[in-house]
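To start, the structure itself, in structure tokens.
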Amino acid sequence: MTPTTEATTVGRPRLRHRRRRSALQRRQTRLAWVMLTPALVAVGIVAFYPLGTTVYQSFTDKQFLALEPTKWIGLANYKDLIHDGIFGDAIILTIKFTVITVAFEFVLGMIIALVVNSNFKGRGVMRAMMLVPWAIPTVVAAQMWAWMYNDVYGVINDAGVRLHLLSHNVAWISQPNTALGAVCAVDIWKTTPFVALLLLAGLQVIPGELYEAARVDGASAWQQFWRITVPLLRPAILVALIFRTLDALRVFDVFYVFFGNRADTQTMSIYAQNTIINGDVGYGAAISVAIFLIIGLFVVIYVTFIKVEEQ
Amino acid sequence: MEQDVNRKEVGTVKHRALLVAIGLLGTVALVASLSVAAAGTKAPARAQSATAIQPPAVPNAKALKKKYGGVSITFVGDAAVGQSHKRDQMLVKKFSQQTGIKVKLVPHPSASDASYSQLARNFSSHSSAIDVMMLDVVWPGAFAPFLVNLKPALGKQAKLHAAGIIANDTVGGKLIAMPWFGDFGILYYRTDLLKKYGYKSPPKTWTQLGAMARKIQAGEKAAGNANFYGFVYQGKAYEGLTCDALEWVASAGGGDFISGGKATINNPRAAAILNLQRSWISQGIVPRGVTSYDEEGARNVFASGNAAFLRNWPYAYSANQTTPVKGKFNVTVLPHGAGKSVGTVGGWQLGVSKYSKHKPAAIEFVRYLTSPAVERFDAIFNSNVPTIPSVATDKAVVKANPYLKPEIAKVVRVTRPARFLKGKYNQGSQIIYQGINQILNGQNATSVLPSIQSRLNRLLR
């Protein structure tokens, strides 16, 4: 194997290559690496370094403001975590929240996407307006909803009683039987537009000819939806579901604004945050790693599930 | 061909819609961020005449200049919003001019926990970057190992301050911080409604408050306001509930949660007052939603004219001036049970870092800031509650802060058990407020208090 004449003419050092590659390709590869380096360094600093530190700290007894040095304690944090009932409750609550919100957001998002994808007057304005809830910072929206839910001056109770939907004012946030529903409603209100937007993007790349052909063949609207729209929308659906599930599993702000640190409404993230703020950094890191693994598990489930369907 | 043209048209329409969407998004985000910023600058606009008052002179300035002139220290002061930061700037300028000690002023983050972790990181790395810092009233226990004992230098001045706060700032016999300004819980009541239902004075005991609340509520409901309640406070599972519950328990003679390093919260008097509060919720004198109210949640019920009594901090006094209850309410001390009326202490202290390279100059700066003259200036300029009782009774101060009438300002101040829990304060407070929140949500205090007590004792070990 000899270097090509081209390579020698540009005076490149002789490199032993198993595979045949032109000098241009090699140059471009090298350029690509050079140009990627800043990004890789940035990712390393902002993503891999903190992740590595967290994993390392989860094997230690690190405490905030401790006067004694931090010790390596192996798997002790994880052993405690397995028997930690509070964390167990937090996982169950978070998964309940995730299933409810993602299901509603997906169905409603799909309906909205189909509606705004069809041709009608004022469609542009409609598309812009549907994004408004999503544009409000979550903490602000949650505080706004907390006031709307208020059992004394809240607008929801006021409207409900005036319209005779409610017999008396309800303390939506305080009562255990309505608390989860109240918090789910806020998340659904806020992120359905996001799901709709992702699905809308997917709908727009489906060629109109397919529907025309289906119509010519006499397919009903229902058949068109299941046979054309859904299969071709699969990548967009996957993206939407993964994004929303990941977000829902990490939920913090709405719960924190609504309930503070109420014992029966701690999500996984709130429990991790509390543990770290309380000074138990090592245990908090172990909780964070566990959350990371749980979220990872969901991603694997989604990706394999959708892939199997494709085959 | 025709189709192509159509598609292009559709394309531009899409494009325009996208632009509109982005524009709208931007506008909404801007409005939202502005409203957040506005909410952040909650510091009420009060005391119009405040601008007239100037920072007091530094006593003994010449001697200080001779000794420490040219030294440079760093002060982590109040958050960069409202009048507080301006007050810091004025005081720093005056002090530097007169003593020649240069003070670099750095505002702390406005969120209290962000401020806590900033200091925690600074101390953990043994950094000398910060010389003097503001400390929340519940931090001294956690930061004590990293702070200078101010007793030798400032012990005499400390005697001027309220004894309860000095006790809070004394850890293991060392005075590790000086009180700067305070806060304490007070009772707001509707003067018009008390008069209407034949009461001459606000309630002195919790039992009286319950009876008055019940009567007023029944009357107002009969008059057509179905959403009227007797009493509101901070019942959400957060730090505010620890403050409120401490007032109930201490004023009922049930102690201060922890005493002499042992949890004392599980006692019959504490259980009785907590069950009384619970019964008010189940009877509907207190709204069911109170278990999710923070300061503003409770204040809004009162300010919208839907409650007869409110427990809150002094800030609510000026905040209520722009609401429908303006001119219809007044303040007094909180009621009591078997004990005396009390108010939970909030507020800020000043400490000197053990890693400071200029401790003597830093201590002199703290001496100036915590002097009666500066507290008087702060109370009038920035409506902060002075920690020095003699300043709190000053006529000009009372005029600027009407809730500082002597009979209110003299109330017994109780402190949260931070000096026993030290670095575990957050954890301990969480055990307390989560447990009390469960009681308010319906569980019997006698079944919850033993578990709070044993969990606190485990932390204290």
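The values are calculated or read from the model by the stated rules, or taken from the named source; none is laboratory data. Not measured: the values here are computed from a predicted model. We place every Cβ from the backbone using ideal geometry, glycine too, and count neighbours over all the protein chains shown.
If we only count helices (runs of 4 or more DSSP H) wholly inside the stretch B:289-380, which ones have 3 or more residues that are within 14 Å of chain A (Cβ to nearest Cβ) and under 27 Å from B:D256 (Cα atoms)? Give the steps one after another, and end with the answer.
Numbers: elements: B:295-303, B:315-319, B:359-369.
Qualifying helices (runs of 4 or more DSSP H): B:295-303.
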Point to revise | Number of the condition not met by B:K399 [criteria: (1) crowded, with 23+ Cβ neighbours inside 10 Å; (2) assigned to a helix (DSSP H, G or I); (3) of a type in the set (D, E, K, R)] | key: (1)
Exercise for review: Return the only residue of A:I287, A:I276, A:I291 being within 13 Å of chain B (Cβ to nearest Cβ) and either closer than 30 Å to A:E68 by Cα or at pLDDT below 90 (or both).
Suggested key: A:I276
**Study point:** Residue in the stretch A:121-134 that is part of a helix (DSSP H, G or I), more than 8 Å from chain B (Cβ to nearest Cβ) and in contact with a Phe, Trp or Tyr (Cβ under 6 Å, 6 or more places away or on another chain) present
**Key:** yes
Point to revise | Total residues in the stretch B:402-422, condition part of a helix (DSSP H, G or I) and either more than 14 Å from every other protein chain (Cβ to nearest Cβ) or in contact with a Phe, Trp or Tyr (Cβ under 7 Å, 6 or more places away or on another chain) (or both) | key: 10
Check your understanding: From the list B:V132, B:V138, which one is within 14 Å of another protein chain (Cβ to nearest Cβ) and β-branched (V, I, T)?
Key -> B:V138
**Study point:** Which listed residue is farther than 24 Å from B:K236 by Cα and either more than 8 Å from chain B (Cβ to nearest Cβ) or in contact with a Gly (Cβ under 9 Å, 6 or more places away or on another chain) (or both), from A:M110, A:M144
**Key:** A:M110
Review point. Is it true that some residue in the stretch A:296-308 is closer than 18 Å to A:D89 by Cβ, modelled with pLDDT of 90 or more and away from chain B (no Cβ under 14 Å)?
Key: no
Study note, to complete from the structure: Matching residues in the stretch A:150-190 (touching a residue at least 40 places away in the same chain (Cβ under 8 Å) and in a loop (DSSP other than H, G, I, E, B)) number 1
Practice item. Give me a count of the residues in the stretch A:259-271 that are assigned to a helix (DSSP H, G or I) and either away from every other protein chain (no Cβ under 14 Å) or more than 19 Å from A:T60 (Cα to Cα) (or both). Key: 7
Exercise for review: Evaluate the stretch A:180-200: report whether one residue or more is at the interface with chain B (Cβ under 9 Å from one of its Cβ atoms), surrounded by 14 or more Cβ atoms within 10 Å (Cβ to Cβ) and out of contact with any Gly (no Cβ under 9 Å at 6 or more places or on another chain).
Suggested key: no
Revision key, fill the gap. Given the conditions (1) in contact with a strand residue (DSSP E or B) (Cβ under 7 Å, 6 or more places away or on another chain); (2) more than 14 Å from chain B (Cβ to nearest Cβ); (3) surrounded by 13 or more Cβ atoms within 10 Å (Cβ to Cβ), every one holds for A:L93 apart from (1)
Exercise for review: Please verify whether the stretch B:222-229 includes one or more residues that are crowded, with 23+ Cβ neighbours inside 10 Å, out of contact with any Asp or Glu (no Cβ under 8 Å at 6 or more places or on another chain) and either in contact (Cβ under 8 Å) with a residue 40 or more places away in the chain or within 12 Å of chain A (Cβ to nearest Cβ) (or both).
Suggested key: yes
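Quick test for you: out of A:G52, A:G74, pick the one residue that is assigned to a helix (DSSP H, G or I) and surrounded by fewer than 12 Cβ atoms within 10 Å (Cβ to Cβ).
Details: A:G74 fails: assigned to a helix (DSSP H, G or I).
Answer to the selection: A:G52.
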Point to revise | Single residue of B:T291, B:T322, B:T370, B:T332 found to be of a type in the set (S, T, Y) and in the same structural domain as B:S112 (by TED's automatic domain parsing) | key: B:T370
Check your understanding: Yes or no: B:Q443 at pLDDT 90 or above and not in a helix (DSSP H, G or I)?
Key -> yes
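A quick yes/no check of all residues on (1) within 25 Å of A:K79 (Cα to Cα); (2) among the charged types (D, E, K, R); (3) in contact (Cβ under 8 Å) with a residue 12 or more places away in the chain:
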site	(1), (2), (3)
A:L249	yes, no, yes
A:V257	no, no, yes
A:G260	no, no, no
A:S269	yes, no, yes
A:G282	yes, no, yes
A:I287	yes, no, yes
A:A290	yes, no, yes
A:F298	yes, no, yes
Point to revise | Residue count for the stretch B:332-388, restricted to those that are over 18 Å from the mean Cα position of the chain (by Cα) and under 27 Å from B:G141 (Cα atoms) | key: 26
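Per-residue answers, yes or no, for (1) at pLDDT 95 or above; (2) aliphatic (A, V, I, L, M); (3) more than 25 Å from the chain's Cα centre (by Cα):
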| site | (1), (2), (3) |
| --- | --- |
| B:T41 | no, no, no |
| B:Q54 | no, no, yes |
| B:L64 | no, yes, yes |
| B:G69 | no, no, yes |
| B:D78 | no, no, no |
Review point. Only one of (1) within 14 Å of chain B (Cβ to nearest Cβ); (2) within 24 Å of A:T267 (Cα to Cα); (3) in contact (Cβ under 8 Å) with a residue 12 or more places away in the chain; (4) of a type outside the set (D, E) is not met by A:F59, so which one is it?
Key: (1)
Review point. Of these, B:K159, B:K174, which one is over 25 Å from B:Y315 (Cα atoms) and surrounded by fewer than 14 Cβ atoms within 10 Å (Cβ to Cβ)?
Key: B:K159
Revision key, fill the gap. When the stretch A:86-113 is checked residue by residue, the ones that are over 19 Å from A:R244 (Cα atoms) and in contact (Cβ under 8 Å) with a residue 60 or more places away in the chain are A:I86, A:F87, A:D89
Revision key, fill the gap. Residue count, the stretch B:342-355, condition touching a helix residue (DSSP H, G or I) at 6+ places or on another chain (Cβ under 6 Å) and surrounded by fewer than 23 Cβ atoms within 10 Å (Cβ to Cβ), comes to 1
Revision key, fill the gap. How many residues of the stretch B:442-461 are touching a strand residue (DSSP E or B) at 6+ places or on another chain (Cβ under 9 Å) and buried (at least 21 other Cβ atoms within 10 Å of the Cβ)? The answer is 3
